[in-house]
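Structure first, commentary second.
The values are calculated or read from the model by the stated rules, or taken from the named source; none is laboratory data. Note that the structure is a prediction, hence the values are computed from the model and not measured. Cβ: placed from backbone, ideal geometry, glycine included. Neighbour counts: every protein chain shown.
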Amino acid sequence: MHLTPRKGAIGAIVALLILAACSANTGTSPSTSVAASPSTAASPVATIPTDQLKFAGKLVACIDIPYPPQESFDDQGNPQGSDVDIAREIATRLGLTLDVQNSVFSTIIPALTGGKCDMVISAQNINPDRTKVVDMIPYFKAGQSFVAAKGNPKGIKAKDDLCGKVVAVQEATTELDYLQGTGDYTGAGLSDGCTKAGKPAISIKTFTKDNDALLALQSGTADVYFADSPVAGFYVKEHPDQFELTGLTLDVAIEGISVDKGHTGIRDAVKTALLSMISDGKYTEILKKWGVEDSGLTADQVNSGKL
């Protein structure tokens, strides 16, 4: 799914991702600025009140890196991916420069509401718990898939096959909710389904960063890795000799760009910029670049929030 695949063995790839993520998150702050991009907009499609922006002339986006192909680091340590390109184009259309804050996913909404950034664009599914705290603009859709070691040695093909297995997952995600029966899946978790059927519960291993969950699969300490389908597919396409999809894919959900509820000027301007990208084809161009065009939304879906 990535048009410029990195070279080398998966162990080296993961090590580089971990190193980049750690180096971008040193110190006591949960988010660190890792890049900015110049704006070239001749005539902004909308403007944001300066008093709603963290910094005049900039659009600061909190993103949890790595989570390719939506967000990752290039060989020079710069942010890249479909989310990054969408955020950069939105900033450009608003006459602003993009500033990316690499953030921890489990605290990314508090980072936004605490003033660390102007918006979050980081593969966040829209759900009631989040929309109680922030406004969310639909921009992407994704299912959830399981990745196994090549050959699928544990034979995981259906939900019941997960019973008694070790599943690696990033914390604070829809995938974790699905496994443990929380959030949108209260009372209907995959592990609960196992125990209700008289089978052993799923052993859930959680990680702060998604690449650590992948490393658990690669190192053999987990039986499967659970992530959004574009991300799962990315790793399998990049390393078909190491991984394969199990064929078990779950609910498709809409992802949203989060904005603090008090900043309606940012929310409305970002949505206007996104809709203009959809209208002129730039949005689809970006998704095709990263091999995720099947995850795109129409203007009607952005406006309605429904698939």
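General remarks:
- Exactly one residue among GLY193, GLY220 is in the same structural domain as ASN152 (by TED's automatic domain parsing), surrounded by fewer than 20 Cβ atoms within 10 Å (Cβ to Cβ), under 20 Å from THR249 (Cα atoms) and more than 22 Å from the chain's Cα centre (by Cα), and that residue is GLY193.
- Test: residue in region 202-209 that is farther than 26 Å from SER72 by Cα, of a type outside the set (Asp, Glu) and either assigned by TED's automatic domain parsing to the domain that holds VAL104 or in a strand (DSSP E or B) (or both): yes
- When residues of region 172-185 are limited to those that are more than 18 Å from THR249 (Cβ to Cβ) and either at pLDDT below 95 or in a helix (DSSP H, G or I) (or both), the one farthest from the chain's Cα centre (by Cα): GLN180
- The helices (runs of 4 or more DSSP H) found wholly in region 65-158 and carrying at least 3 residues that are among the charged types (D, E, K, R) and within 18 Å of the chain's Cα centre (by Cα) occupy 82-93.
- Test: residue in region 233-240 that is of a type outside the set (Lys, Arg), exposed (fewer than 15 other Cβ atoms within 10 Å of the Cβ) and either within 20 Å of VAL60 (Cα to Cα) or at pLDDT 95 or above (or both): yes
- Of the residues making up region 54-68, one or more are of a type in the set (A, V, I, L, M), surrounded by fewer than 24 Cβ atoms within 10 Å (Cβ to Cβ) and closer than 17 Å to ARG267 by Cα.
- The condition (being surrounded by fewer than 18 Cβ atoms within 10 Å (Cβ to Cβ) and assigned by TED's automatic domain parsing to the domain that holds ILE86) is satisfied by just one residue among LYS306, LYS288: LYS288.
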